[in-house]
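Step one of this worksheet: look at the structure below.
The values are calculated or read from the model by the stated rules, or taken from the named source; none is laboratory data. All of these numbers come straight from a predicted model, not from anything done at the bench. Positions of Cβ are generated from backbone atoms using ideal geometry, with glycine treated the same way; all protein chains shown enter the neighbour counts. For the accessible areas, the whole protein counts, side chains as well, though only heavy atoms, and no ligand, DNA or RNA atoms are used. Shrake-Rupley method; radii C 1.70, N 1.55, O 1.52, S 1.80 Å.
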Amino acid sequence: MKNATLAQPASSLLQKALNRLRELFLGTPEARYLAAMKKKLAAGAKHSTLGPLIRDEAYTRGKAEDWAKRMIDYGLKEDHLCVEFGCGSLWAAEPIVRFLQPGRYIGLDLTDEFYEYGRQRLGDLLREKQVRLAVIGEAKLREVAALQPDFLFSRKVLPHVAEDALQRYLANVASLMTPKTIAVLDNTPMFTEDGKITGRRHSVEAMQKLLPPGYVIEQSRYAAILRRTA
């Protein structure tokens, strides 16, 4: 039994060491994702939500409207200070920005290149609604956290977060929250043809183990709901 209890910590330490070596030689998972996406967009590839050319604009707009309605069902109000973590090219943001009062939306992403496409498309709306956009970084996270957001959402991000980046993603999201903040993390499952769920990239059980103390995460049908309890 003694050897069994020692095996898990050793395995965990080994995995962390391997992750550090991978990042040293290949870059962080976030950096690898950015490089891959920038290469695709530069080559003119169409994405579902990123860049100037998307695969199906009517479909994407419909999905964005559906998402906005769900956010309202989860508790988003017009006067809430709402942060989008991973705002991309602002397709999911557009109906939410229209819903919110001016100055109440903040969009964050790994690079300004993604949201600049949205700024070009929605310039008048963003000015009218006094939208704030910024690149994710330690100083910016502290600045936004000091504003005490009421609501946070992360659309089409979690399914792309690698295993070795999951704890960092959760820690960054958690750092923006106060006990009043509702955080909705898109965790849309895969479905079979008859509507049965086949699985998700990350389970709430796995995410709960990686969260800092004082946070709880629960799975709804479409999203993982993160709350700060202390």
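In table form, for the structure just shown:
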{"quantity": "FRET efficiency for Lys180 and Glu78, using Cβ-Cβ distance with R0 set to 22 Å, rounded to 0.05", "calculated": "0.85"}
{"quantity": "Binned Cα-Cα distances of the stretch 127-179, short to long, each 5 Å bin given as a whole percent", "calculated": "4, 16, 24, 27, 19, 8, 2, 1"}
{"quantity": "Cα gyration tensor, the stretch 78-181 - rounded (a/c under 1.5), prolate or oblate", "calculated": "oblate"}
{"quantity": "Potential extension, Arg227-Glu138 segment - 0.36 nm per residue separation minus Cα distance", "calculated": "29.9 nm"}
{"quantity": "Theoretical FRET efficiency, 1/(1+(r/R0)^6), r = Cβ-Cβ of Thr111 and Arg201, R0 25 Å, to 0.05", "calculated": "0.70"}
{"quantity": "Entries in Lys39/Lys156; Lys69/Lys180; Lys63/Lys209; Lys40/Lys140; Lys156/Lys209 that, when Cα-Cα distance is taken, lie over 24 Å", "calculated": "Lys63/Lys209; Lys40/Lys140"}
{"quantity": "Backbone N within the stretch 91-109 under 17 Å of label point (7 Å from Arg61 Cα along the Cβ vector)", "calculated": "91-99"}
{"quantity": "Apportionment of accessible area to carbon and sulfur, the stretch 133-195, percent (1.4 Å)", "calculated": "52"}
{"quantity": "Ranking by accessible area, most exposed first, for Leu210, Leu90 with a 1.4 Å probe", "calculated": "Leu210, Leu90"}
